[in-house]
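Data block below; observations after.
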Amino acid sequence: MCIRDRYQRRVREYRTVGMSQGEWEETSPLKPDKDPDQHEDLDVASAHTGAQPTTCARLITLLRKPRNTASLMVVSALIIIGIASAIAYIQRSQDPQTARFVVVSDWGTGNSVQASVATALTRTVDSTKSRFALSLGNNFYQAGVTSTTDELWRSQWYDMYYEDSTTYPMQVPWYAVVGDVDYKGNVSCQLEYTSPQTNHQDMWNMPAMNYVMKLQVQDADSLYILMLDTTPLAHPNGANTVSQNQEQQLQHLDGVETIEWVRSMLAEYQGQNVIVAGHHPTRVLVDSRLGTAGGEYETGVPARGMEILDQLMQDHNVQAYLSGHLPVMSYFLHENVNYFIAGTGGCPSDVLHGCSTSGTTVDKSVSSFGSTAAGFMLLEVQGSWMDVSFIDSNGEVVYKKSMARHKVTESPTPGS
């Protein structure tokens, strides 16, 4: 069993070995590589909550590109100045050094839908040379995991993505946050599983309930990813929970520490490109065909409990918010924040409006997208651009959104 508040999780640091993707070597705790000519760090800063160890940990990971050689492109004379923008777009699309990663949520069902999505995801990781996978909660249905030796670790995670996916088994790390379903089990076990003593090949990473990742982008600004546990926001002090485990683990959590941590991170990363990722959506594309109408979500209104987080992202000019929770893939823009939902990684059979491998697209335009198809997201970052693709269980891109990268700014409202 995992022991909450007493498990002393060891601080680890990683650095790459050579330039091959997925090759990691552990170094001595609290002794980062100080050589400025070598690798930059990916910092993981955590906020203390009741469901994680009492000592906040700091994990330093270096994510480097598979190769350190820049391709040389020779451009002949331009006849018309406008051609330059077209060439820039072609370079952005074809550059093999683009930083890529996949995002999946609500995946751990163990059913045929998860298996189909897992196959498409691992193939995409291989073909695009993605550096890692982000998991946005509801990792293990129907009620989370209860220990670090729970059989679900193998049957619903490792076998699906790393071992039994024999055609293209993943060889990149998995970074996770938890969702409300995970609180039905023991969420501290997902923290503890980060320990190499229990972790299959050291691939699972959840160093804290809230942490930040720094993704290096060659010859461009880095991308900072704030990974959040949003369940205390959606269910403060255990409100509206459906199980005793959820109520007990959330009874002393109201989301304030998460909000203050986000506020401090956005202040620290002013002038940087930032996205935020968590399980629960803050804003939802409301459409009866997606099953998102007539319930708790309203057009133009943040979801209950998520209002302050949403306002912080708007005030500080956050690039995008990535989430799951709902069995849809969707996108829309509200003011200056791009909202993406990819909650169809496993399609549990008990959801009221179920997604499926035969799900349909009900909204597709430049400014919005909605689908009930099972799938995941691929993010590609380079230069001044970011592309987000929704990919279905057949490995087909069903929607792609390209956007100019922008930087976090100081809040226009003092104290916000």
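Every residue, every condition in (1) assigned to a strand (DSSP E or B); (2) of a type outside the set (A, V, I, L, M); (3) farther than 23 Å from residue 277 by Cβ; (4) modelled with pLDDT under 95, yes or no:
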site	(1), (2), (3), (4)
100	yes, yes, no, no
103	yes, no, no, no
107	no, yes, no, no
135	yes, yes, no, no
141	no, yes, no, yes
145	no, no, no, yes
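Quick grid of which residues meet (1) within 25 Å of residue 241 (Cα to Cα); (2) among the hydroxyl-bearing types (Ser, Thr, Tyr); (3) in a loop (DSSP other than H, G, I, E, B); (4) touching a helix residue (DSSP H, G or I) at 6+ places or on another chain (Cβ under 6 Å):
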position: 159; (1), (2), (3), (4): no, no, no, no
position: 179; (1), (2), (3), (4): yes, no, yes, no
position: 208; (1), (2), (3), (4): yes, no, yes, no
position: 214; (1), (2), (3), (4): no, no, no, no
position: 217; (1), (2), (3), (4): no, no, yes, no
position: 221; (1), (2), (3), (4): no, no, yes, no
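Could you check how many residues of region 149-190 are among the aliphatic types (A, V, I, L, M) and within 16 Å of the chain's Cα centre (by Cα)?
In the first step, residues of region 149-190 are kept if they are among the aliphatic types (A, V, I, L, M); the result is 152, 160, 170, 172, 176-178, 181, 187.
Next cut, within 16 Å of the chain's Cα centre (by Cα) only: 172, 176-178.
Total meeting the criteria: 4.
Kindly check whether there is at least one residue in region 326-340 that is under 29 Å from residue 156 (Cβ atoms), open to solvent by 10 Å² or more (accessible area, probe 1.4 Å) and more than 18 Å from the chain's Cα centre (by Cα).
Scanning region 326-340, I find no residue that is under 29 Å from residue 156 (Cβ atoms), open to solvent by 10 Å² or more (accessible area, probe 1.4 Å) and more than 18 Å from the chain's Cα centre (by Cα), so the answer is no.
Determine which single condition residue 401 fails, assuming it passes every other condition in (1) part of a strand (DSSP E or B); (2) of a type in the set (Lys, Arg); (3) over 23 Å from residue 130 (Cβ atoms).
For residue 401, the exception is condition (3).
What are the residues in region 226-245 that are in a loop (DSSP other than H, G, I, E, B), open to solvent by less than 10 Å² (accessible area, probe 1.4 Å) and of a type outside the set (A, V, I, L, M), if any?
229, 230
Collect the residues in region 362-387 that are open to solvent by less than 70 Å² (accessible area, probe 1.4 Å), part of a strand (DSSP E or B) and within 23 Å of residue 299 (Cα to Cα), keeping them in residue-number order.
362, 363, 368, 369, 370, 371, 373, listed by residue number.
For residue 257, indicate whether it is touching a residue at least 40 places away in the same chain (Cβ under 8 Å), touching a Ser or Thr at 6+ places or on another chain (Cβ under 7 Å) and open to solvent by 10 Å² or more (accessible area, probe 1.4 Å).
Criteria met by residue 257.
Of all residues in region 276-300 being hydroxyl-bearing (Ser, Thr, Tyr) and within 13 Å of residue 330 (Cα to Cα), which is surrounded by the most Cβ atoms within 10 Å (Cβ to Cβ)? It would help to see each step written out before you state the result.
Pass one, region 276-300, residues hydroxyl-bearing (Ser, Thr, Tyr): 282, 288, 292, 297, 299.
Now narrow it down to the ones that are within 13 Å of residue 330 (Cα to Cα): 282, 292.
Numbers: 282: 25, 292: 23.
Looking at the filtered set, the residue picked out is 282.
Hey, which of the strands (runs of 3 or more DSSP E) in region 266-345, taking only ones fully inside, have at least 2 residues that are in contact (Cβ under 8 Å) with a residue 40 or more places away in the chain and aromatic (Phe, Trp, Tyr)?
Counting at least 2 such residues, we get 329-334, 337-342.
So if I check each of 217, 262, 242, 276, which one is at pLDDT below 90 and hydrophobic (A, V, I, L, M, F, W, C)?
242
The values are calculated or read from the model by the stated rules, or taken from the named source; none is laboratory data. Everything numeric in this text was worked out from a predicted model, so none of it was measured. Backbone-built Cβ (ideal geometry, glycine too); neighbour counts: all protein chains shown. Ligands, DNA and RNA are stripped out before the accessible areas are found, and what is left, the full protein with its side chains, is counted by its heavy atoms. Shrake-Rupley method; radii C 1.70, N 1.55, O 1.52, S 1.80 Å.
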